Amino acid sequence: MFELDYVGVKAPQFSFSRLAKADPVLGVDMSSTGEVGCIGEGFYEAILKAMFSVGYRVPKKSILLSTGPARSKVELLNSARALLEKGHKLYATRGTQQFLRNAGVEATVAYWPDENKSPNTIDLIKSREVDLVVNIPKDLSDKELNNDYTIRRSAVDYNVPLITNARLASAFILAFCKMSIDDLAIKSWDEYK
């Protein structure tokens, strides 16, 4: 769309791991404890550099998807396909799993924290069976709020990367599916002038 020589992406850093019991979901009033700006030859390179700089990593095993409202589910559909093509196993909460199945994307159901069924979302996080959690809040019902909070808080407490924004999750997933760490160029600031 634009003829750009390079792209800059800024990623915030939050200290949820230091805030016991705080809900690690972001709202418009949240302030980060720091941020990192990174430059790349294109968007995917820049977003990977920024996300890696604030502590994210490329998942090696499985991803847990709890994608919230319909709009977020649609936003993450191509990302889910890209993950499968790269050989990742997908776990998904029931609504997300049904949406993905209807779109031809295979995912294993992961049961809510308050369900006594296996595989349970919390067990997957605690055992580090999943190494990325995408949890998009859906509604304000007590059950949804409690289950989503428990998933997000467990991800933080067990140091499993967590993303709570569908657009960011989609961009990050597509970036690491399209590029490897070896594709990232390390350049000095003045090389981008």
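Does Val36 count as over 16 Å from Ile173 (Cβ atoms) and among the β-branched types (Val, Ile, Thr)?
Against the criterion (over 16 Å from Ile173 (Cβ atoms) and among the β-branched types (Val, Ile, Thr)), Val36 qualifies.
Of the residues Ala169, Ala185, only one is touching a strand residue (DSSP E or B) at 6+ places or on another chain (Cβ under 8 Å), more than 21 Å from Lys61 (Cβ to Cβ) and among the aliphatic types (A, V, I, L, M); which?
Of Ala169, Ala185, the one residue that is touching a strand residue (DSSP E or B) at 6+ places or on another chain (Cβ under 8 Å), more than 21 Å from Lys61 (Cβ to Cβ) and among the aliphatic types (A, V, I, L, M) is Ala185.
Within segment 148-188, take every residue that is without any contact (Cβ under 8 Å) to a residue 40 or more places away in the chain and assigned to a helix (DSSP H, G or I) and give me the one that is surrounded by the fewest Cβ atoms within 10 Å (Cβ to Cβ).
Per the stated criteria, the residue is Asp182.
Condition first: in contact with a strand residue (DSSP E or B) (Cβ under 6 Å, 6 or more places away or on another chain) and of a type in the set (D, E, K, R). Now tell me which residues in segment 79-93 satisfy that.
Lys89 - this is the single residue of segment 79-93 that is in contact with a strand residue (DSSP E or B) (Cβ under 6 Å, 6 or more places away or on another chain) and of a type in the set (D, E, K, R).
Say we look at segment 3-51 and pick out the residues that are among the aromatic types (Phe, Trp, Tyr) and touching a helix residue (DSSP H, G or I) at 6+ places or on another chain (Cβ under 8 Å); which of these is modelled with the lowest pLDDT?
By that ranking, first place goes to Phe16.
Only residues that are over 23 Å from Val74 (Cβ atoms) and in contact with an Asp or Glu (Cβ under 6 Å, 6 or more places away or on another chain): list them for segment 115-159, please.
Selection gives Tyr149 alone.
Would you confirm, using the coordinates I've provided, whether Ile63 is in contact (Cβ under 8 Å) with a residue 40 or more places away in the chain, assigned to a helix (DSSP H, G or I) and not hydroxyl-bearing (Ser, Thr, Tyr)?
no
For segment 95-116, check the following and say yes or no: at least one residue is at positive phi and either in contact with a helix residue (DSSP H, G or I) (Cβ under 9 Å, 6 or more places away or on another chain) or acidic (Asp, Glu) (or both). Explain how you work it out, then say what you get.
Initial filter on segment 95-116 (at positive phi): 104.
With either in contact with a helix residue (DSSP H, G or I) (Cβ under 9 Å, 6 or more places away or on another chain) or acidic (Asp, Glu) (or both) added as a condition, the list becomes 104.
Checking segment 95-116: at least one residue is at positive phi and either in contact with a helix residue (DSSP H, G or I) (Cβ under 9 Å, 6 or more places away or on another chain) or acidic (Asp, Glu) (or both).
Assuming Glu191 fulfils every condition listed in (1) within 25 Å of Ala11 (Cβ to Cβ); (2) touching a residue at least 40 places away in the same chain (Cβ under 8 Å); (3) in a helix (DSSP H, G or I) apart from one, which condition is it?
It fails just one condition, (2).
For the structure I just gave you, tell me whether Ala103 is in contact (Cβ under 8 Å) with a residue 24 or more places away in the chain and either among the β-branched types (Val, Ile, Thr) or touching a strand residue (DSSP E or B) at 6+ places or on another chain (Cβ under 6 Å) (or both). Walk me through how you get there before you give the answer.
Details: in contact (Cβ under 8 Å) with a residue 24 or more places away in the chain: yes; either among the β-branched types (Val, Ile, Thr) or touching a strand residue (DSSP E or B) at 6+ places or on another chain (Cβ under 6 Å) (or both): no.
Spelling it out, it is not the case that Ala103 is in contact (Cβ under 8 Å) with a residue 24 or more places away in the chain and either among the β-branched types (Val, Ile, Thr) or touching a strand residue (DSSP E or B) at 6+ places or on another chain (Cβ under 6 Å) (or both).
The values are calculated or read from the model by the stated rules, or taken from the named source; none is laboratory data. Bear in mind the structure is a predicted one, so any value in this text is a computation, not a measurement. As a convention, Cβ positions derive from the backbone with ideal geometry for all residues, glycine included, and neighbour counts pool all protein chains shown.
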